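Before any comments, here is the structure.
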Amino acid sequence: MNIKIKNAYEKNLRNIDLDIPRNKFTVITGLSGSGKTTLLKDTLYLESQRQYLEAMNYQGTPKPKVDQIQNLSPAILIDQENRNDNPRSTLGTQTDLYTDLRMIFEKLHQRRCPNCQEIISASNAKEETEKIDGEYNVYMYCPHCHYRMEKLTRSHFSFNTTAGACPTCKGMGKTLVIKDSLYQKDQTILNGGIATWPKGYAEYQFKSYAALLKYLEISVPEDIPLKKFTSEQLDLLKYGIYSSEITKEQKEKLPTKVAEGKYEGIEPKIWQKIAEEKDIPKNLKPFIKEDTCVDCHGEKLNALSRLVTVCNQRLPEITKGDLNHVLNWVYEINENEQLKSFVEDYLLDIETKIKRISKLGLVYLSLDRQYSTLSGGEMQRIKLAAVLDSQMTELINAY
Ligand SMILES: [Zn+2]
Ligand SMILES: [Zn+2]
């Protein structure tokens, strides 16, 4: 039996009639711009979707420009496009494998008791749930000294929640840093010392800065290159009224007007601007770089969440390794009947998914790999692996 397309005229297609054999592997090739995608995606795939929805009584899906297509089945579409450029999305979160890991860590994690320093395991500690202001908090007791502590739960192992994320980088693993080149050390403030300050703006800022220094009875570095500034003068230039010395000593009697010295400093203003625009403004881009977070070293989780272990491995160590590394860890848990009994479903899910992804030649990937950095082909194979998970049968695959 064939899929029969009669008179397809969507976009650049000129009245195409075509028979495509069912249950066969069919490749459609042709010059770029000849209409392969229009035929497969915008005609065949959309019409299969439309017929399927109409059969289930969902009316109103627009019909592609084609007189008739016979003998279609519900189709799935696997393309190379990436619709997810969220920097927080990783191979682990995209495939839900990371959810399995979080569940395993909630049930089995080992840590030191903060009171008696003995090693305790979540799997054999007594638990207690308390409801405070509508929110549930889970506690556990140290089996050795009965000390009560908050239990780490699945949300503590997510870098996308406040409970789990590293507080410094908010779970991004990276922080933005202002480069030294912003400060032209051989120049004065009024003569291009701050690379992003045009002359008029530099004069305006300098007045405010000078007023703050006078207010604090510190000498004003007029006509002096930045490299000759005292550390105090430089600190005030960079951080203004937010510099640490000021905030701890004189907070209440600070100038309240810009002209009188309410000078806000170069760096706080830059961070404020980036926060407002939710991006780095174009003129600042050359002076800002991304650096690995100094607190979590790129591991995204808070100190405690990234420290605890299951079978001697920390969660970031598992997501950093390749897929074989994850699989070997799963097998290690599997060998311990008692541990296995708590998390059997999650272990099976990981094993099934990883084997599928590995079969498609992607065993070298790690779960912490940012999803949007995968190549088109890698992404397509990840999508294919997910489709192979589907329990449905006799689907036709397009594109
Ligand atoms: Zn204890
Ligand atoms: Zn961090």
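The values are calculated or read from the model by the stated rules, or taken from the named source; none is laboratory data. Everything numeric in this text was worked out from a predicted model, so none of it was measured. Quick reminder, even Gly has a Cβ in these numbers, built from the backbone with ideal geometry, and neighbours come from all protein chains shown. These area figures cover heavy atoms from the full protein model, side chains too; ligands, DNA and RNA do not enter into them. Shrake-Rupley method; radii C 1.70, N 1.55, O 1.52, S 1.80 Å.
The residue that is farthest from ligand 1 (Cβ to nearest atom), among those in the range 119-160 that are open to solvent by 40 Å² or more (accessible area, probe 1.4 Å) and touching a helix residue (DSSP H, G or I) at 6+ places or on another chain (Cβ under 7 Å), is R154. In the range 280-296, the residue that is most open to solvent (accessible area, probe 1.4 Å) out of those that are under 8 Å from K174 (Cα atoms) and near ligand 2 (Cβ under 9 Å from one of its atoms) is T292. No other residue among T43, T93 is outside any loop (DSSP other than H, G, I, E, B), open to solvent by 40 Å² or more (accessible area, probe 1.4 Å) and touching a residue at least 24 places away in the same chain (Cβ under 8 Å) apart from T93.
How many residues does the range 100-153 hold that are free of Cβ contacts under 8 Å to residues at least 12 places away in the same chain and touching a Phe, Trp or Tyr at 6+ places or on another chain (Cβ under 9 Å)? Residues flagged as free of Cβ contacts under 8 Å to residues at least 12 places away in the same chain and touching a Phe, Trp or Tyr at 6+ places or on another chain (Cβ under 9 Å) within the range 100-153 amount to 2.
A quick yes/no check of all residues on (1) farther than 26 Å from L101 by Cα; (2) at pLDDT 95 or above:
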site: G134; (1), (2): yes, no
site: G164; (1), (2): no, yes
site: P167; (1), (2): no, yes
site: T175; (1), (2): no, no
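Within the range 319-378, the set of residues being of a type in the set (S, T, N, Q) and either more than 24 Å from the chain's Cα centre (by Cα) or under 21 Å from L307 (Cβ atoms) (or both) comprises T319, N328, N334, N336, Q338, S341, T352, S366. Looking across the range 170-211 at every residue that is within 16 Å of ligand 2 (Cβ to nearest atom) and open to solvent by 10 Å² or more (accessible area, probe 1.4 Å), the one that is nearest to K300 (Cα to Cα) is identified as M172. Within the range 96-123, the set of residues being outside any helix (DSSP H, G or I) and in contact with a Ser or Thr (Cβ under 6 Å, 6 or more places away or on another chain) comprises just one member, Q110. C293 meets each of the listed conditions (1) out of contact with any strand residue (DSSP E or B) (no Cβ under 6 Å at 6 or more places or on another chain); (2) over 18 Å from F105 (Cα atoms) apart from (1).
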